[in-house]
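Every number in this text was worked out from the coordinates using simple rules, so none of it is lab data. Note that the structure is a prediction, hence the values are computed from the model and not measured. All Cβ positions, even for glycine, are placed from backbone atoms using ideal geometry, and neighbour counts span all protein chains on display.
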Amino acid sequence: MSDQVKEFRDFRSKMNERILSQDNLVIKRLFNLDTNTYQEGALPVKTKEMLGLVASMVLRCDDCIKYHLEKCYEQNITTEEIMEVFSVANIVGGTIVIPHTRRAMEYWDILNGHQ
């Protein structure tokens, strides 16, 4: 695992634990809703993760993009499929999404061992 991937995962885990340790009911419910949203349902997990990636790119949240790229990787989504996801995100979000697409491509390459 690359240092970038490990650093992202470690920070996310550490801060999630810190936030949840505060025992705020609203935040705990929000985290739970997020987890349950991406479970298998009428739509397969793979589709939901690709939808999450598009939304994250359009909203320009680099942490969210990395998270959904990792989940897409776990779902064995191909680079060809990722490129189509990037295409949808850029059409919906406009050219302001291009810098996020660059960083997303870089992280996707890292996940796939193409550093």
The relative contact order of the range 3-111, taking Cα pairs under 8 Å that sit 6 or more residues apart, comes to a percentage of 27 percent
For the chain, radius of gyration divided by Kirkwood radius, i.e. Rg to Rh on alpha-carbons
0.98
For the chain, can you list the cysteines whose C-beta has no other cysteine C-beta under 4.7 Å from it?
CYS72
Sorting ASN24, THR37, ASN76 by the position of each Cα along the dipole of the chain (Lys, Arg +1; Asp, Glu -1; all at Cβ), the one nearest the positive end of that ordering is ASN24
Distance (nanometres) between label positions extended 7 Å along Cα→Cβ at ASN76 and ASN16
2.4 nm
LEU43-ASN24 pseudo-label distance in nm [points 7 Å out on the Cα-to-Cβ vector]:
2.7 nm
How far is it, in nm, from the label point at ASP63 to the one at GLN4 when both lie 7 Å from their Cα along the line to the Cβ?
1.8 nm
Structure-based [θ]222 nm, the chain - -39500 (n - 2.57) summed over DSSP H runs of at least 4, per residue, nearest 500
-25000 deg cm²/dmol
